[in-house]
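Below is one structure; the comments refer to it alone.
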Amino acid sequence: MSDAPVAERRPTDRVNRRDVDTLRITEIFYSLQGEARAAGAPTVFVRLTGCPLRCDYCDTAYAFHGGQRWGMDDILAEVATHGVQHVCVTGGEPLAQPACAALVRRLCDAGYRVAVETSGALDIRPIDTRASRIVDLKTPGSGECQRNRWDNLAALTTEDQLKFVICDRADFDWAAAVCREHGLWDRCPVWFSPSHGQVEPSALADWILGERLPVRLQLQLHKQLWGDQPGR
Ligand code: SF4
């Protein structure tokens, strides 16, 4: 209950506080990190509900809607029950919820090694730089290339990581050109990942080797182990 006199309370006070103190969560689960620098590490995943994008290859559409509201303390307590060092905040698009930045800060303060997976369509600057912000740059083949927020590139640190999901050779050429133009591989690790069912991993490996690109091939470890099961 607010201490403010009734006349001073605004109708939106309660909603604003909910947005700051709570997050809508699809699932919290323990698995192996399947991607990027911490691939293979036992990790707790906090999957936030909702995403404003609709990539053609999306494999987490079940996180677009639903979920349950969790208080910040309850999320921290649930993460702690798993007893691991790595935490990945993912979605959906986690940055679409205003309280995401506070959650990441709380996790960093608690001493976890935190990664945040984001579409690249929202501003990454509010996210604590102690976390590794894994920024997806959407290729033309994703169907959401126009959503890329290019000013995020200037905010990248060496802790961060960039990811391109490659849907075909045209996507590969586009991604290589973007990396060259912005000198991205000099700023942070850059991962090229084949879109499942659209590009053979061996083909993408050949393209990377052929062009001598200083990027890293990323295969989704969790898909090789468990397929497309939610919670894995
Ligand atoms: S940004 Fe991620 S969660 Fe959102 S539609 Fe694209 S792949 Fe799916």
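The values are calculated or read from the model by the stated rules, or taken from the named source; none is laboratory data. Treat the numbers as computed from the prediction; the structure is a model and nothing was measured. Don't worry about glycine lacking a Cβ; one is built from the backbone with ideal geometry, like all the others, and counts go over all protein chains shown.
Quick one: how many residues across the stretch 149-160 are more than 15 Å from the ligand (Cβ to nearest atom) and either crowded, with 18+ Cβ neighbours inside 10 Å or over 13 Å from Leu122 (Cα atoms) (or both)?
Number of matching residues: 7.
I want to confirm something. Restricting to the stretch 88-120 and keeping residues that are assigned to a loop (DSSP other than H, G, I, E, B) and either within 13 Å of the chain's Cα centre (by Cα) or of a type in the set (A, V, I, L, M, F, W, C) (or both), which single residue is nearest to the ligand (Cβ to nearest atom)?
Among those that are assigned to a loop (DSSP other than H, G, I, E, B) and either within 13 Å of the chain's Cα centre (by Cα) or of a type in the set (A, V, I, L, M, F, W, C) (or both), it is Ser119.
Identify, from the list Asp136, Asp168, Asp128, the residue that is under 14 Å from the mean Cα position of the chain (by Cα), away from the ligand (no atom under 15 Å from the Cβ) and at pLDDT 95 or above.
Answer to the check: Asp128.
Could you go through the stretch 65-78 and let me know if any residue there is at pLDDT 95 or above, touching a strand residue (DSSP E or B) at 6+ places or on another chain (Cβ under 6 Å) and either in a helix (DSSP H, G or I) or under 22 Å from Gln218 (Cβ atoms) (or both).
yes
Within the stretch 112-123, restricting attention to residues that are farther than 22 Å from Asp21 by Cβ and of a type outside the set (Ser, Thr, Tyr), which residue is modelled with the lowest pLDDT?
Checking each candidate, the answer is Gly120.
May I ask you to list pairs of residues, at least six apart or on different chains, whose Cβ atoms are under 6 Å apart, with the first in the stretch 91-104 being at pLDDT 95 or above and the second being small (Gly, Ala, Ser) and near the ligand (Cβ under 10 Å from one of its atoms)?
Sorted first by the residue in the stretch 91-104, then by its partner, the pairs are Gly91/Ala63; Gly92/Gly50; Gly92/Ala63; Glu93/Ser119; Ala96/Gly50.
Can you name the residue in the stretch 45-69 that is in contact with a Gly (Cβ under 9 Å, 6 or more places away or on another chain), more than 9 Å from the ligand (Cβ to nearest atom) and of a type in the set (A, V, I, L, M, F, W, C) and, of all such residues, is farthest from Ser142 (Cα to Cα)?
Phe45
State the number of residues belonging to the stretch 166-192 that are aliphatic (A, V, I, L, M) and more than 14 Å from Arg216 (Cβ to Cβ).
Qualifying residue count, the stretch 166-192: 3.
Are there any pairs with C-beta distances below 7 angstrom linking a residue in the stretch 198-226 that is within 22 Å of Asp59 (Cβ to Cβ) to a residue that is surrounded by fewer than 13 Cβ atoms within 10 Å (Cβ to Cβ), with the two at least 6 apart or on different chains, and if so which?
Leu221/Gly40
Scan the stretch 33-51 and tell me whether some residue there is at pLDDT 95 or above, part of a helix (DSSP H, G or I) and over 13 Å from the mean Cα position of the chain (by Cα).
The answer is no; no qualifying residue exists.
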